[in-house]
Amino acid sequence: TTEFLTNTLEQTERFQRENLELWRDMEKLRKPIIAAVNGFANIELIQACDIVVAAEDASFALPETGIGVSPGAGITIRLPRVVGKFIAKELLFTGDRITAAEGYRIGIVNKVVPPDRLMDECLAIANKIAKRAPLAIGAAKACVNFGSEMALDDGMEYQLRESIELFHSKDLKEGITAFFKEKREPRFIGE
């Protein structure tokens, strides 16, 4: 919007830093974030989501270079780690829209569904995740988001620390009791 034209350098920097913090907070959140994409989405909007479900007619792009700015909010750092440098550069340099099917092919979309099934599919995934141990889900998310970006040995140590804590949780006791002893669905409490 045109307010960007009147911002001072300090206002622009504050805005950009707040954007970065939003994406960082989403990555740090120890709960899954599922994006339901229907219509057009700037790829920046999904960069810190954990699962992306797109309607068949959804599309994605990074149009910023067409108005004279480089895409921000960390996408120039995150996107190459997902799709590789060459595909990331093509998307960043050209601003071309890609289909949901192409988003799936390059790895920024988990599932493509008919538009009338979009919310049902997202809710089905959320319900499936909700039956799992929340502490374990949080640890797995943290390990992928942070441990996988570390040097291999550091990442393995990070994963080990996350895992060890879970061995002393009430949820692990519940999971073992439910599965092995009582042959029932576990009732996790997040402790």
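The values are calculated or read from the model by the stated rules, or taken from the named source; none is laboratory data. This is a predicted model, so every value here is computed, not measured. Counting neighbours? That spans all protein chains shown, and the Cβs are built from the backbone with ideal geometry, glycine included. Note: accessible area is taken over every heavy atom of the protein model, side chains too, but ligands, DNA and RNA are not part of it. Shrake-Rupley method; radii C 1.70, N 1.55, O 1.52, S 1.80 Å.
Summary table
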| item | result |
| --- | --- |
| Positions within the range 159-190 being part of a loop (DSSP other than H, G, I, E, B), open to solvent by 100 Å² or more (accessible area, probe 1.4 Å) and touching a helix residue (DSSP H, G or I) at 6+ places or on another chain (Cβ under 9 Å), in sequence order | Glu185, Arg187, Ile189 |
| One residue from Leu92, Leu135, Leu118 being surrounded by 14 or more Cβ atoms within 10 Å (Cβ to Cβ), touching a residue at least 24 places away in the same chain (Cβ under 8 Å) and either touching a Cys at 6+ places or on another chain (Cβ under 9 Å) or more than 22 Å from Val82 (Cβ to Cβ) (or both) | Leu135 |
| Residue within the range 95-102 that is of a type in the set (D, E, K, R), buried (at least 18 other Cβ atoms within 10 Å of the Cβ) and touching a helix residue (DSSP H, G or I) at 6+ places or on another chain (Cβ under 9 Å) present | no |
| In the range 56-68, residue farthest from Phe40 (Cα to Cα) [restricted to those that are open to solvent by less than 10 Å² (accessible area, probe 1.4 Å) and part of a loop (DSSP other than H, G, I, E, B)] | Leu62 |
| Top-ranked residue in the range 18-55 [being in a loop (DSSP other than H, G, I, E, B) and among the aliphatic types (A, V, I, L, M); ranked as most open to solvent (accessible area, probe 1.4 Å)] | Leu29 |
